[in-house]
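> Structure below; questions to follow.
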Ligand SMILES: *Cc1c(COP(=O)(O)O)cnc(C)c1O
C-alpha cells in the first residue's frame with residue numbers, strides 16, 4: 001500500500017532541459033533529407049517522446065508512400081550523427097528545475113529519469129546538465145533490447161534502482177503524450193508540463209513574440225491533449241510540482257490502510273473496490289446477466305425458488321421502507337416488535353405511510369420477549385404481520401428469530417424482518433422458519449459497498465402487492481416485474497459500479513467458504529475483541545446469550561469518546577459512538593474485511609490509548 005511519494009521520474013528534453021524540445025527536430029529533418037525526403041517541423045515533432053528509432057519509424061508512416069526499412073535505418077543514422085554534432089547546444093536546464101529538485105531531495109525523494117535519447121546521447125547530455133546543477137539519481141535510456149515509450153520498462157528500471165514496491169509511490173513528469181502513456185502503463189502518477197514542452201513546441205522567442213491570447217489558445221490545446229491522455233495533474237511550470245506532490249501525499253494518506261470497525265460501510269477487499277473500475281451500460285446483455293446472477297446468489301443464501309430478491313437503489317432503509325409499505329396490504333395490521341433505533345425507524349416508516357399498526361416496545365438492552373408477543377397475538381386477532389429487527393445494530397443485541405417466527409406462524413401471521421446486519425452471517429432459512437420477507441443491503445455482512453439494498457420475499461406476496469405501492473421508486477412489484485419478467489433491468493438508473501462490486505463481494509463470499517466460514521471468522525473476531533477488552537476492564541453491556549457476533553456495545557466508563565476515537569484513528573482504527581441515551585458507551589463492529597489479528601492489534605492499541613482518554617487525565 002502506497003504511503004507517500006518516494007520518487008519523481010522526469011523526462012529529459014522538453015521537460016527538464018531543452019526548452020521547447022528542439023534538438024531532435026533538426027536531426028529528423030536532416031535524416032530524412034539524406035534519403036531525399038522533405039518533412040515538416042510538425043511531422044518531425046508529432047511522435048516526440050518515443051525512442052528515437054521508433055520515432056523515425058513513426059515519421060516514415062506519415063509519408064504518402066511507404067519506404068524501405070534500409071531507408072529508415074539510413075535516415076536514423078544521419079539523425080544520430082546530426083544529434084551528436086548539435087546536442088551540446090540543447091542542454092539548457094529549464095526554469096525552476098534545479099530549485100524544485102533540491103526541494104524534492106530535502107523531502108527524501110529520489111530523482112529518476114527516462115528518455116527517448118540513446119545512452120550515447122545521454123553520455124553527452126548528463127555532464128552538461130550536471131554543470132548547471134541538475135543531476136538525477138538515475139537515468140534509463142532505451143537500449144535496443146528494451147522497448148521505449150509507451151512501454152513502462154524504463155520506469156520499471158527506475159523503480160528497481162530505488163527499491164520501490166508500489167508504483168503509486170512514484171510520479172512520472174513529462175512533456176509529451178508518450179510520457180503520460182509511459183506513466184499510466186507503469187501505474188505511476190502522471191504530470192504533464194505545458195511551458196517549454198514539445199507538445200507546445202514554442203521556443204522562448206516564440207513565446208515572447210506571439211500575443212497573450214494566442215499563447216493561451218495553444219496552451220489550452222496542450223492541456224486538452226494531456227487531459228485526454230489521462231494525466232493526473234497538468235502544470236504550467238515546474239515550480240508547481242511541490243504543490244502537486246503535497247496533494248498526492250494527501251490522497252495517499254487518505255487511502256491509508258484503515259480498518260472501519262463500523263457496521264456498514266465497512267472495510268472491503270481491494271478486489272471489491274477494484275470491480276468498480278468499469279463503466280457498464282445497463283441494457284447490455286452481459287450486465288443483465290450479472291444482475292440476474294446477483295439476485296440468484298442472494299436467494300441461495302437464505303431462500304429457495306419460491307422467493308425473489310428485488311434489488312433496489314439506495315441504502316438499507318430504502319429496502320426496509322419498500323418492504324413495509326408494499327408487502328403490508330392496506331387492510332392489514334402490522335405489529336412491530338421494537339428494541340432499538342432501527343425498530344423505531346420502522347415504526348416511523350409505518351406512521352408516515354399511514355399504515356395500520358401496533359407495537360410492542362422492549363428496553364434497548366433486552367431481547368424481544370416471546371411471552372409478551374404471545375399475549376399480544378392472543379389479544380389482537382387483527383394482526384396480520386409481525387415485523388422486527390433480527391440483529392439490532394443499535395446495541396448489537398440478537399433477537400430470538402426462530403422463536404418469534406415459530407410463534408407468529410402458529411398464529412397464522414406473516415413474518416417480515418430487518419436482517420440488515422445479520423444477512424449472510426447468520427443462518428436464516430426463510431422457507432423453514434416461515435419468514436415471508438427480509439430486507440438487507442450490500443454493505444454489511446456481504447462486504448460489498450453502500451448504495452444497493454434488496455428485499456428478499458416470497459414471490460406470491462410480491463405479486464399480490466401489485467398496485468399496492470404509493471411510492472413510484474420504492475414499488476417492489478414493479479421493480480420485480482422489470483427485473484424478473486421484463487427487460488432484466490432496474491427500472492431507473494442502476495448503480496452499475498456498486499452492483500459490479502456486489503458481484504465481486506459474492507464471489508469473495510463463496511471463495512471464503514460461504515456463510516459457515518464467514519460466520520466463524522466473525523465469531524472469532526468477536527471473541528478476540530471481547531476477551532481482549534475484558535482484560536482492560538472494558539465490558540460489553542449486553543449479556544453474552546443475547547449478544548451478536550456482529551457489533552458490540554461497550555461501557556465507556558470514564559473515558560472520553562472523542563479522545564479515544566482520535567487516538568485510534570491515528571493508528572488506523574475507526575470505531576463507532578454508542579447510541580444508548582442513558583449510559584456512555586462506544587461500539588465496535590467486527591464485520592468486513594477484518595480478522596482476529598486485526599482485533600488483537602485493536603485491543604493493543606486501545607490499551608496504549610486508554611491512558612490518554614480518561615476524562616480526568
Ligand atoms: C445498517 C442498518 C440499516 C440500514 O441503514 P442505512 O443507513 O439505510 O444503511 C437498517 N437496519 C439495521 C439493523 C442496520 O444495521
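A short reminder: the numbers here are calculations on the coordinates, not readings from a lab. Everything numeric in this text was worked out from a predicted model, so none of it was measured. Neighbour counts run over all protein chains shown; Cβ positions are idealised from the backbone, glycine included.
> Arrange the following residues from fewest to most other Cβ atoms within 10 Å of their Cβ: 98, 603.
The most exposed by this proxy come first: 98, 603.
> Relative contact order for the range 498-617 using alpha-carbon pairs under 8 Å, separation at least 6, rounded to a whole percent? Mind dumping the intermediate values first?
Numbers: 129 pairs, mean separation 34.5, N = 120.
In percent, rounded to a whole number, it is 29.
> Share of antiparallel DSSP beta bridges in the chain, in percent to the nearest 5? Provide the component values of the computation, followed by the final result.
Details: 25 of 65 bridges.
Antiparallel bridges: around 40 percent, rounded to the nearest 5.
> Please state the relative contact order of the chain as a whole percent: Cα pairs under 8 Å, 6+ residues apart?
Values: 1153 pairs, mean separation 81.7, N = 617.
Relative contact order of the chain: 13 percent.
> Using packing as a proxy for protection, rank 420-427, 377-384 so that the peptide with the highest average count of other Cβ atoms within 10 Å comes first. Before the final figure, lay out each step's value.
Values: 420-427: 24.4, 377-384: 13.2.
Sorting 420-427, 377-384 by mean packing, highest first, produces 420-427, 377-384.
> Taking only Cα atoms, what is the 0 to 90° angle, nearest 10, from helix 341-352's long axis to the longest principal axis of the chain?
In the chain, helix 341-352 runs at an angle near 80 degrees to the longest axis.
> Something else: Hey, what does the equivalent ellipsoid look like for the range 497-615, semi-axes from the Cα gyration tensor as sqrt of 5 times each eigenvalue, largest first, whole Å? Don't skip to the answer; put the middle values down first.
Values: eigenvalues 152, 51, 38 Å².
Three semi-axes, in Å: 28, 16, 14.
> How do the peptides 219-231, 497-509, 172-184 rank, highest first, by the average count of neighbouring beta carbon atoms within 10 Å per residue? Mind dumping the intermediate values first?
Numbers: 219-231: 16.7, 497-509: 22.2, 172-184: 27.8.
Listed from highest to lowest mean packing, they are 172-184, 497-509, 219-231.
> Follow-up. Could you state the angle between the C-alpha long axis of helix 212-229 and the longest principal axis of the C-alpha atoms of the chain, as a value from 0 to 90 degrees rounded to the nearest 10?
60 degrees
> To the nearest 10 degrees, how steeply does helix 370-379 sit against the main Cα axis of the chain, on a 0 to 90 scale?
60 degrees
> What percent do you get for the relative contact order of the range 389-461 when only Cα pairs under 8 Å and 6+ apart count?
Working: 104 pairs, mean separation 18.5, N = 73.
The value is 25 percent.
> If each DSSP helix of 4+ residues adds -39,500 (n - 2.57) and the sum is divided by the residues in the chain, what number results at 222 nm, nearest 500 deg cm²/dmol? If you can, show how the numbers build up before the last one.
On the way: 24 runs with 274 residues, N = 617.
Computed ellipticity for the chain at 222 nm equals -13500 deg cm²/dmol.
> If packing is taken as the average number of other Cβ atoms within 10 Å across a peptide's residues, how do 389-395, 85-91, 281-287 rank, most packed first? Intermediate results must be reported in sequence, preceding the final value.
Working: 389-395: 27.6, 85-91: 16.1, 281-287: 12.0.
For the peptides 389-395, 85-91, 281-287, the packing ranking is 389-395, 85-91, 281-287.
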